[in-house]
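Everything below concerns the one structure shown next.
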Amino acid sequence: MRRAFTYVELVVVIAILFIVSAIIMPRLAAMRKGREEREFKNAIRDLSSKARSRAIDSGDVVSLRYDKTTGKLSAVERNADGAELPLKAIAPPTDVTPYQFVSNQDAGQGNASQGNAVPGNGGQGDAWEVPFYADGTSSGGGVEFEAGDRHFSVVVYPADGESRIVEGPMPDLSLNRWPAGTYAKR
């Protein structure tokens with residue numbers, strides 16, 4: 001007499017496999033999104049660091065720029081003749097969108113564009129740029145990204161030109177600038 005699986009046993013095994021896959025698949029998708037977000041954050045950190053280093057090495061102004069038409073964050077070198085040389089561009093993952101831009105280029109004032117900077121909408125978001133100068137400093141600024149219900153920001157501090165990834169909403173960058181002739185905060 002041969003021993004074989006019954007139809008009921010096969011259906012039970014298939015149901016268990018289906019339940020396990022239903023539990024695992026959303027977690028795999030979330031892991032993939034998390035990996036893409038981490039890779040994007042690392043690419044931003046690398047891009048801004050290389051832009052600052054290039055500005056110091058070349059003596060030219062190198063800017064981080066968000067191009068609304070392509071939806072990419074790029075580094076662009078502007079030489080003494082005014083010619084622009086694109087260095088590198090990165091695109092955010094599909095579920096990460098720009099939310100707010102801040103640039104301190106306009107007479108030392110923070111220029112914020114909130115909510116309307118998402119690609120496809122109109123607004124000031126298409127003109128965002130933060131320059132790095134030959135001495136390693138920057139005028140400062142940042143961009144806040146929205147990834148689902150979470151936010152993270154790329155912040156370039158004016159004093160040292162260093163950029164950092166900040167989890168959560170963008171910090172107040174006006175606290176990093178002091179009017180000329182006043183005492184610096186300690």
- Item | Near pairs, Cβ below 8 angstrom, 6+ apart or cross-chain, from the stretch 71-86 (part of a loop (DSSP other than H, G, I, E, B)) to any residue that is of a type in the set (Asp, Glu) | Asn79/Asp60; Ala80/Asp60
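Please work out which residue is surrounded by the most Cβ atoms within 10 Å (Cβ to Cβ), limiting yourself to the stretch 42-70 and to residues that are aliphatic (A, V, I, L, M) and not in a strand (DSSP E or B). Give the steps one after another, and end with the answer.
Taking the stretch 42-70 and keeping what is aliphatic (A, V, I, L, M), we get 43-44, 47, 51, 55-56, 61-62, 64.
Subset that is not in a strand (DSSP E or B): 43-44, 47, 51, 55-56.
Working: Ala43: 15, Ile44: 20, Leu47: 20, Ala51: 28, Ala55: 25, Ile56: 17.
For the stretch 42-70, the residue satisfying everything is Ala51.
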- Which is in contact with a helix residue (DSSP H, G or I) (Cβ under 6 Å, 6 or more places away or on another chain), modelled with pLDDT of 90 or more and within 30 Å of Pro158 (Cα to Cα), of Ala75, Ala43? Ala75
- Of the residues in the stretch 1-38 that are of a type in the set (Lys, Arg) and not in a helix (DSSP H, G or I), the one that is modelled with the lowest pLDDT is Arg2
- Where Tyr133 falls short, out of the listed (1) at pLDDT below 90; (2) more than 27 Å from Glu39 (Cβ to Cβ): (1)
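Does Asp60 satisfy the condition of being touching a residue at least 40 places away in the same chain (Cβ under 8 Å) and among the charged types (D, E, K, R)?
Details: touching a residue at least 40 places away in the same chain (Cβ under 8 Å): yes; among the charged types (D, E, K, R): yes.
Yes: the conditions hold for Asp60.
Can you pull out the residues in the stretch 71-86 that are within 19 Å of the chain's Cα centre (by Cα), surrounded by 14 or more Cβ atoms within 10 Å (Cβ to Cβ) and over 19 Å from Tyr99 (Cα atoms)? Show your work before the answer.
Going through the stretch 71-86, the residues within 19 Å of the chain's Cα centre (by Cα) turn out to be 71-76, 86.
Adding the requirement that they be surrounded by 14 or more Cβ atoms within 10 Å (Cβ to Cβ) leaves 71-76.
Passing the criteria: Ala75, Val76.
Can Gly141 be described as over 15 Å from Ser49 (Cβ atoms), surrounded by fewer than 13 Cβ atoms within 10 Å (Cβ to Cβ) and at pLDDT 80 or above? First the steps, then the outcome.
On the way: over 15 Å from Ser49 (Cβ atoms): yes; surrounded by fewer than 13 Cβ atoms within 10 Å (Cβ to Cβ): no; at pLDDT 80 or above: yes.
Criteria not met by Gly141.
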- Item | Restricting the stretch 3-57 to residues that are free of Cβ contacts under 8 Å to residues at least 12 places away in the same chain and of a type in the set (Phe, Trp, Tyr), the residue that is nearest to Glu84 (Cα to Cα) | Phe18
- Test each condition in (1) modelled with pLDDT of 70 or more; (2) in contact with a strand residue (DSSP E or B) (Cβ under 7 Å, 6 or more places away or on another chain); (3) on the phi > 0 side of the Ramachandran plot for Gly148 and report the one that comes out false. (2)
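The values are calculated or read from the model by the stated rules, or taken from the named source; none is laboratory data. This is a predicted model, so every value here is computed, not measured. When we count neighbours, we look across all protein chains shown, and the Cβ atoms used for this are built from the backbone with ideal geometry, even at glycine.
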